[in-house]
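Scroll down for the structure; my scribbles are underneath it.
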Amino acid sequence: MLKVLISNDDGIYATGLQTLAAKLSQHYEVYVVAPDRERSAMGHALTLHKPIRIDEVEMKFPVAKAFSTSGTPSDCVKLALNALLDVKIDVVVSGINHGPNLGSDVIYSGTVSAALEGAIHGIPSIAVSLVNGSDKLADFTHGAEFIAEFLPTAMKVGIPAKSILNVNIPAVSKHHFAGVQITELGTRMYTDSYERRVDPRGGVYYWLAGEVIETGEAEGTDVEAIRNNMVAVSPVHYNLSNYSAMTLLKEKLDVQH
């Protein structure tokens with residue numbers, strides 16, 4: 001039976017993770033290691049200068065083991081694979097995130113970084129997000145059902161080394177999915193506006209209040225696929241080397257190669 005490690009950045013009690021774990025535990029051997037509270041937009045941060053606390057958690061459905069940690073999403077996967085679990089994990093699934101991870105979102109996303117940590121360890125990994133997941137009435141069921149059905153196909157086809165699949169689920173019922181599209185990352189820009197505020201003691205602080213800028217997107221991007229009610233599946237890798245730039249610089253700078 002497939003051994004699945006689930007993590008996220010919204011916390012172990014988040015509806016997205018709970019719905020995903022409940023569904024996958026019907027078909028696979030599921031382990032959960034996730035933050036004890038919301039850790040959104042943590043990127044690939046690791047905890048270095050303070051201890052990481054661990055608690056075993058009882059879930060309402062039959063997972064093999066579940067732990068909450070005081071660490072980041074990347075901490076959770078690293079701890080699971082190197083310290084907490086004594087089994088060989090076959091696949092890491094991070095999510096379901098409460099909101100999209102499209103385009104440049106992947107740079108900041110704890111959900112995506114948890115999956116990338118799995119890939120760094122050589123394990124096939126998937127990040128999954130629900131576009132309207134921040135809505136209190138959001139239904140994560142169709143996203144969980146999609147991943148349960150998608151996992152065997154993804155494992156059979158194979159996820160390229162050093163890569164993950166970043167999956168975004170549209171905000172419609174499963175029966176209204178327009179299909180599945182393999183996409184590149186789009187351009188998802190924010191206004192990045194900061195509100196200046198003053199606390200009761202006179203101290204100045206700033207609160208990030210940026211909003212998404214709605215722009216046109218080329219065909220083939222994850223943003224455009226979601227707008228068309230398609231499930232967007234984007235291969236993302238952690239090797240940030242720009243090989244075309246390397247070639248150009250070697251030619252222009254006349255360095256040894």
Cα-centred dipole magnitude for the chain, charges only on beta-carbon of K, R (+1) and D, E (-1), debye, nearest 20: 500 debye
Scan around Ser94 for amide H atoms under 5 Å from its own, H built in the peptide plane at 1.01 Å from N, and keep only partners 5 or more places away or cross-chain. Ser7, Ile126, Ala127, Val128
Let me check something: with ligands and nucleic acids excluded, how do Ser25, Ser134 order by accessible area (1.4 Å probe), largest to smallest? Ser134, Ser25
In nanometres, what is the gap between the two model label sites at Val198 and Arg37, each 7 Å from Cα along Cα-to-Cβ? 2.8 nm
Tell me the per residue accessible area of the chain using a 1.4 Å probe; a whole number in Å² is fine. 53 Å²
Exposure rule at most 10 other beta-carbon atoms within 10 Å, DSSP loop GluC sites (Glu not before Pro): the chain longest free segment: 59-210
What's the Cα-based Rg to Rh of region 63-134, Rh via Kirkwood? 0.97
HN-Hα J in Hz across region 194-199 - Karplus 6.51, -1.76, 1.60, θ = phi - 60°, x for Gly and Pro: 10, 8, 8, 10, 10, 7
Find how much the distance from Lys88 to Met246 grows on full extension, using 0.36 nm per residue of separation minus their present alpha carbon separation; answer in nm with one decimal. 53.2 nm
Only helical DSSP H runs with n ≥ 4 go in: add -39500 (n - 2.57) per run for the chain, normalise by residue count and round the 222 nm mean residue ellipticity to 500 deg cm²/dmol. -7500 deg cm²/dmol
Separation of region 148-200 and region 1-62 by C-alpha centroid, Å? 18 Å
Counting only protein heavy atoms and using a 1.4 Å probe, what share of the accessible area of the chain belongs to carbon plus sulfur, as a whole percent? 53 percent
Highest first, please rank the peptides 200-206, 150-156, 78-84, 103-109 by the mean number of other Cβ atoms sitting within 10 Å of their residues. 103-109, 78-84, 150-156, 200-206
Expressed in nanometres to one decimal, the distance between label points 7 Å along Cα→Cβ at Glu149 and Tyr238 is 3.1 nm
If I take every Cα pair under 8 Å that is 6 or more residues apart in the chain, average their sequence separation and divide by the length, what percent do I get for the relative contact order? 17 percent
Mean Kyte hydropathy of 0.0 or more with a Cα span along the axis of at least 18 Å, helices from DSSP in the chain: 141-157
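The values are calculated or read from the model by the stated rules, or taken from the named source; none is laboratory data. Quick caveat: nothing in here was measured; it's all calculated off a predicted structure. Here Cβ is always computed from backbone atoms with ideal geometry, including for glycine, and neighbour counts include all displayed protein chains. When the accessible area is computed, the model is the full protein with side chains, heavy atoms only, and any ligands, DNA or RNA have been set aside. Shrake-Rupley method; radii C 1.70, N 1.55, O 1.52, S 1.80 Å.
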